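Below is one structure, written out as structure tokens; comments come after it.
The values are calculated or read from the model by the stated rules, or taken from the named source; none is laboratory data. No experiment lies behind these values; they were computed from the predicted model shown. Note that each Cβ is placed from the backbone with ideal geometry, even for glycine, and that neighbours are counted across all protein chains shown. Note: accessible area is taken over every heavy atom of the protein model, side chains too, but ligands, DNA and RNA are not part of it. Shrake-Rupley method; radii C 1.70, N 1.55, O 1.52, S 1.80 Å.
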Amino acid sequence: MTKPIRVLCLMLYPTSNASVRLRIEQQVPELRRLGVEVTLSPFLDTQGLAVVFLRGHVLSKAAAVVRGFLRRAADVFRLGRFDLLFIYRESTPFGPEFIERLALARSLPIVHDFDEAIFIPNIHPANRGWAWLRDFGRPARVAAMATAVTVQNEYLAGFARRWNPRVTVIPTPVDTDRRHPRDRRGRGPVVIGWLGSETTAPYLHLVDQALARLSQDADVIVRVVGGTYRNPAVRRLEQREFALDREQSDLEGFDIGILPEPDDDWTRGKGGYKALLYMAAGIPVVASRVGVNTDIVSDAETGFCVSTTEEWIAALRRLVADPGLRERMGAAGRARVVDRYSIHVIAPLFAKALAAAMGKTA
């Protein structure tokens, strides 16, 4: 029996963070089946994550940071038990890359993985007073010392290849067993849905005019899950809090999924996960023509990629007016995600990249 690859995965946040859950945790069982045993070690615990994006709470944040560095000190003493060190984004929020350098000194293979443009200054408003502690040159240094780098899209790969020739593009997967189309589409108003967080909810204002026009012209509901959105010109606007155990049922309530994003260096590093989630649930997508969205959404097949307000209006009108088109595009989107972005497709790519970093064949 082949000995499993033992991986210590360091990340900033615990698995209650959506990015960690989607990029890392949901793949752990499949990776185990493929012979990769992953041990997760977040810098922040759940208590720390609960306050880190809130204004104030200075003492609680300081205590969380102290606990985090103590956790990293413990990781130093157990490095010898692992075959590979996997850094998801960053091992610590600031300070030198000490554990990476120690692993390098011990000839322990390192894989650096990131799924957003962590090399671009993007400080949460609640923590801008601490921005001086952040070192945005650190991702380049860690990428350079890594045995290999894995990233979410080609834009991020372009950055990584400046520092390391061994770069593999691996998208974030969707759990297509848990996210699936609803059995039947009911009658009634067409629901234009968006699912996200408070961080990305401001992007909805990019489609203020389009949603207002649709609201005046057709019987539609605009439903926002997980963020706050105000648009008095939308006649029927619903808002719901996000809950993971309700995500599937929330998706089942959408007839069309939207993904508006500005075109900038930060969004070009994103992975279009909302589009993948909609498509997994058999929902046609209208997305901004930004970054990886044009790779995920096959234009006029699984949805539409658009730029201008008029293009947004035309795409949404077409889908609102044609239930058959929504069904066909939704089915095509589901098939595309199952074939290209499911955990069963993506986890083997990660396993292969980790084995390659150790000089093994997958």
**Request:** Could you tell me which residue of the range 7-30 is most open to solvent (accessible area, probe 1.4 Å), considering only residues that are charged (D, E, K, R) and within 27 Å of residue 65 (Cα to Cα)?
**Result:** 25
**Complete:** Residue set 294, 308, 361; condition at pLDDT below 95 and surrounded by fewer than 22 Cβ atoms within 10 Å (Cβ to Cβ); output residue 361
**Message:** Looking only at the range 36-60, filter to residues that are free of Cβ contacts under 8 Å to residues at least 40 places away in the same chain and among the charged types (D, E, K, R); which one of those is most open to solvent (accessible area, probe 1.4 Å)?
**Reply:** 37
**Asked** Across the range 77-131, what is the total count of residues that are in a helix (DSSP H, G or I), modelled with pLDDT of 90 or more and of a type outside the set (Phe, Trp, Tyr)?
**Response** 11
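Listed here are the residues, each with its yes/no results for (1) within 30 Å of residue 89 (Cα to Cα); (2) small (Gly, Ala, Ser).
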| position | (1), (2) |
| --- | --- |
| 214 | no, no |
| 218 | no, yes |
| 223 | no, no |
| 247 | yes, no |
| 266 | yes, no |
| 280 | yes, yes |
| 289 | yes, no |
| 295 | yes, no |
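Looking at this structure, is residue 215 surrounded by fewer than 22 Cβ atoms within 10 Å (Cβ to Cβ) and closer than 16 Å to residue 319 by Cα? Write out each step before concluding.
Working: surrounded by fewer than 22 Cβ atoms within 10 Å (Cβ to Cβ): yes; closer than 16 Å to residue 319 by Cα: yes.
Answer is yes for this residue.
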**Request:** Identify, by number, the condition in (1) within 30 Å of residue 154 (Cβ to Cβ); (2) touching a strand residue (DSSP E or B) at 6+ places or on another chain (Cβ under 7 Å) that residue 75 doesn't meet.
**Result:** (1)
**Request:** Among what's in the range 142-175 and is in a loop (DSSP other than H, G, I, E, B) and in contact with a Phe, Trp or Tyr (Cβ under 8 Å, 6 or more places away or on another chain), pick the residue that is surrounded by the fewest Cβ atoms within 10 Å (Cβ to Cβ).
**Result:** 170
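Determine if the range 180-194 includes at least one residue that is of a type in the set (Gly, Ala, Ser), closer than 18 Å to residue 249 by Cβ and touching a helix residue (DSSP H, G or I) at 6+ places or on another chain (Cβ under 9 Å). Talk me through it step by step, then tell me what you get.
Of the range 180-194, the ones of a type in the set (Gly, Ala, Ser) are 186, 188, 193.
Checking which are closer than 18 Å to residue 249 by Cβ leaves us with 186, 188, 193.
Next cut, touching a helix residue (DSSP H, G or I) at 6+ places or on another chain (Cβ under 9 Å) only: 193.
Yes, the range 180-194 contains a residue that is of a type in the set (Gly, Ala, Ser), closer than 18 Å to residue 249 by Cβ and touching a helix residue (DSSP H, G or I) at 6+ places or on another chain (Cβ under 9 Å).
Which is within 13 Å of residue 256 (Cβ to Cβ), among the charged types (D, E, K, R) and open to solvent by 30 Å² or more (accessible area, probe 1.4 Å), of 340, 289, 317, 336? Outline the logic, then answer.
On the way: 340 fails: within 13 Å of residue 256 (Cβ to Cβ); 289 fails: within 13 Å of residue 256 (Cβ to Cβ); 336 fails: within 13 Å of residue 256 (Cβ to Cβ).
Selected residue: 317, the only one of 340, 289, 317, 336 that is within 13 Å of residue 256 (Cβ to Cβ), among the charged types (D, E, K, R) and open to solvent by 30 Å² or more (accessible area, probe 1.4 Å).
Would the range 27-46 turn up any residue that is polar (S, T, N, Q), over 21 Å from residue 271 (Cα atoms) and assigned to a helix (DSSP H, G or I)?
Just the residues of the range 27-46 that are polar (S, T, N, Q), to begin with: 27, 39, 41, 46.
Next, only the ones that are over 21 Å from residue 271 (Cα atoms) stay: 39, 41, 46.
Filter once more, so that each one left must be assigned to a helix (DSSP H, G or I): 46.
Yes, some residue in the range 27-46 is polar (S, T, N, Q), over 21 Å from residue 271 (Cα atoms) and assigned to a helix (DSSP H, G or I).
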**Prompt:** Which one is nearest to residue 98 (Cα to Cα), of the residues in the range 132-141 that are open to solvent by 40 Å² or more (accessible area, probe 1.4 Å) and at pLDDT 70 or above?
**Reply:** 141
